[in-house]
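> Sending over a structure as structure tokens; questions will come in a sec.
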Amino acid sequence: MQASEGKMGRVFVLRLEDGDRVPDCIEQFARDKNIARGVVIMIGGIGGGTLVVGPEDGAAATITPILHTLEGVHEVAAMGTLFPNEAGVASLHMHATMGRGDTARTGCVRQGVDIWKIGEVVIQEIIGSMRRVTDPTFGFEILDVVPQ
């Protein structure tokens, strides 16, 4: 386990609008407001996009994601974190549960999902030293502790 202590900073509330793309719009807002780290919560509607819904083989040395294309409007509840990547740019890692009728999907929104009508987002800034680094074994960014 790695751990880092932080302090709570600013709080932002965003109203995303029809067609706004997550994670793009949240990462752009973080850049505009100089938010490097934070906790992100989102509720609302999704009109389409792609979720990463797991690895093809959990035992394989190389992780190959399973992608799921969303068809139709879905309700969404999501939670994620913002941490700077190796280039110092805030990167959102968010998992969402989306439902339509009696069907639900859960996965990572990193491929991009589009807001349908309204999305409500709360960002709670964290003042601290965690960052994301690319793990060569996994092939994607993971959290790393920066010595304080």
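> Just checking, which of Thr97, Thr64 is of a type outside the set (A, V, I, L, M), open to solvent by 20 Å² or more (accessible area, probe 1.4 Å), more than 20 Å from Gly9 (Cα to Cα) and free of Cβ contacts under 8 Å to residues at least 12 places away in the same chain?
The match here is Thr64.
> How many of the residues making up segment 18-49 are part of a strand (DSSP E or B) and touching a helix residue (DSSP H, G or I) at 6+ places or on another chain (Cβ under 9 Å)?
Residues meeting the conditions: 3.
> Do the conditions hold for Ile63, that is, is it among the hydrophobic types (A, V, I, L, M, F, W, C), closer than 16 Å to His93 by Cβ and outside any helix (DSSP H, G or I)?
In short, yes.
> Name every residue in segment 109-148 that is surrounded by 17 or more Cβ atoms within 10 Å (Cβ to Cβ), of a type outside the set (Val, Ile, Thr) and part of a strand (DSSP E or B), in order of residue number.
Asp114, Trp116, Gly119, Glu125, Met130, Arg131, Arg132, Glu141
> Could you check segment 67-94 and list, in sequence order, the residues that are in contact (Cβ under 8 Å) with a residue 40 or more places away in the chain, surrounded by fewer than 19 Cβ atoms within 10 Å (Cβ to Cβ) and more than 20 Å from Gly9 (Cα to Cα)?
Scanning segment 67-94 gives Leu67, Val73, Glu86.
The values are calculated or read from the model by the stated rules, or taken from the named source; none is laboratory data. Computed from a predicted structure; not experimentally measured. Using ideal geometry, Cβ is built from the backbone for each residue, glycine included, and neighbour counts are taken over all protein chains shown. Note: areas computed on protein heavy atoms with side chains; ligands, DNA, RNA excluded. Shrake-Rupley method; radii C 1.70, N 1.55, O 1.52, S 1.80 Å.
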